[in-house]
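Note sheet for the following structure.
Bear in mind these aren't lab numbers, they're just calculated from the coordinates by the rules spelled out. What you see is a predicted model; the values in this text were computed from it and never measured. Cβ placement follows ideal geometry from the backbone for every residue including glycine, while neighbour counts extend to all protein chains displayed.
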Amino acid sequence: MRHILITGAAGAVGSALLRRLGERTDITITATDIREPANLPENARFIMMDVTGNAPLNVILDRTPDTIMHLASIVTPGPNSTRELEYKVDVEGTRNVLNAAIAAGVRRLVVTSSGAAYGYHADNPVPLRETDAIRGNQEFAYSWHKRLVEELLADARGTAPDLEQVVLRVGTVLGRKVENQITALFKKPRLLGLKGSDSPFVFIWDEDLADILVRAATDGPAGVFNVAGDGALSVSQIASEMGKTVRWLSPGLVKAALAIARPLRLSRYGPEQVRFLLYRPVLNNAALKSDFGYRPRFTSAEAFKHWWEAAQ
């Protein structure tokens, strides 16, 4: 009987993972979050746990799981969120879980990182492979925090080699009920494009991600893997699929406008957002398919098509 502890179990990905693991009679689950997940399966027990404090050490030492699935992260900050809070959850929370896993002698730690950890850079290889540098930009909280998380994990691979790690650098997650900062962009009447860049997107369907997480927790190999469907979609292709048009603007014009708008509180974004739009990381998923042993059922294009059909 395998015992798996999940952080962030009440989120969209955590809920999908619980449905998968709930079908397994050879697994017991400790589901943790700051709120109880809906439809908790029979083989799961819920424990309230905030990853930012001492709770991870107390809970993990008490429950002694052999595998931890660390999903707790702030992907889409709320209107009252702060960078300090996001750092506490993403970075300090991961450090707390990692240290607790080592102290408790946990066998395997699975962490959902992000393609954003590579950063938004003009000289990023296209596509990016797992051996490429992690250069998350400090101006983007989520990207920077994922970089710091990966640095913590890399250090632990040297100091605590008995703890197996599976690090998943996930592309944009889409699903029938998934809403995030990227899907909000797509719901605008017109899509925004910057001249000189068609800013490709890579997508992974949430059910594919749940299956990947199950494999990572059970019989999959340790390692670092990009997680995305085959291929990528440009802004033009996304607009065509939705029957919308693209408003193409000069990067310099957008940067100047945001430099004025944010101090006046007319926009939550500053001029650094131009880099986010110009240089989106494109993930190579060859290792996911060949080394990890999972082929996503949906390509990036198919995942987007399914999301758009469900969103209408």
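Can you give the % of DSSP beta bridges in the chain that are antiparallel, to the nearest 5? Taking every DSSP beta bridge with both residues in the chain, the antiparallel ones total about 5 percent.
Computed extension length for residue 236-residue 295: 18.6 nm, one decimal, from 0.36 nm per residue of separation with the Cα-Cα distance subtracted. Long-range amide H contacts for residue 245: which residues qualify at under 5 Å (H placed 1.01 Å from N, peptide plane, sequence gap of 5 or more or a different chain)? When sequence neighbours closer than 5 places are left aside, the close amide H contacts are 191.
Separation of the range 209-230 and the range 235-312 by C-alpha centroid, Å? Each part reduced to its Cα centre gives a spacing of 23 Å.
Projecting the Cα atoms of 298, 110, 261 onto the charge dipole of the chain (Cβ charges, centred on the Cα centre) puts 261 farthest toward the positive pole. Give me the tail of P(r) for the range 63-202 as a percent: Cα-Cα pairs with distance above 26 Å. For the range 63-202, the share of Cα pairs beyond 26 Å comes to 31 percent. For the range 203-249, the Cβ-based charge dipole about the Cα centre amounts to some 360 debye (Lys, Arg positive; Asp, Glu negative; other atoms uncharged). One chain, two ends: residue 58 and residue 103. Fully extended at 0.36 nm per residue, the span grows by 15.1 nm beyond their Cα-Cα distance. Each of 69, 49, 1, 242 was scored by other Cβ atoms within 10 Å of its Cβ. Arranged with the fewest first, they read 1, 242, 49, 69. Scanning the chain for GluC sites (Glu not before Pro) that sit in a DSSP loop and have at most 15 other Cβ atoms within 10 Å, the longest stretch containing none of them is 180-312.
Charged side chains reduced to their Cβ positions (Lys and Arg at +1, Asp and Glu at -1) give the range 72-209 a dipole of some 400 debye around its Cα centre.
Built from the Cα atoms of the range 188-312, the convex hull projects on average onto 9.3 nm², one quarter of its surface area.
With the simple model of a label 7 Å out from the Cα in the direction of the Cβ, residue 247 to residue 38 spans 3.4 nm. Across every pair of non-identical alpha carbons in the range 257-312, the mean reciprocal distance, once inverted, gives a Kirkwood radius of 14.8 Å. Our coupling estimate for the range 247-263, obtained by passing each phi through the Karplus curve with A = 6.51, B = -1.76, C = 1.60 and θ = phi - 60°, is 8, 8, 10, 6, x, x, 5, 5, 4, 5, 5, 5, 4, 7, 5, 5, x Hz, Gly and Pro reported as x.
Computed over neighbours whose Cβ is under 13 Å from that of residue 17, the net charge equals -2, Lys and Arg +1, Asp and Glu -1.
For the chain, the Cβ-based charge dipole about the Cα centre amounts to some 1060 debye (Lys, Arg positive; Asp, Glu negative; other atoms uncharged).
Measuring nothing but alpha carbons in the chain and taking Rh as the Kirkwood radius, the Rg to Rh ratio lands at 0.96.
Find out how many positive minus negative residues lie around residue 268, taking Lys and Arg as positive, Asp and Glu as negative, among other residues whose Cβ is under 13 Å from that of residue 268.
+2
From its DSSP helices (H runs of at least four residues, each -39,500 (n - 2.57)), the chain gives a residue-normalised ellipticity at 222 nm of -10500 deg cm²/dmol. Expressed per residue, the C-alpha convex hull volume of the range 123-280 stands at 139 Å³. Each of 172, 99, 57 was scored by the projection of its Cα onto the charge dipole of the chain, and the greatest displacement toward the positive side belongs to 172; charges sit on the C-beta of Lys, Arg, Asp and Glu. Computed 3J(HN,Hα) for the range 90-105, one whole-Hz value per residue from the Karplus formula 6.51 cos²θ - 1.76 cosθ + 1.60 where θ = phi - 60°, is 6, 8, 5, x, 5, 4, 4, 5, 4, 5, 5, 4, 5, 4, 8, x, glycine and proline marked x.
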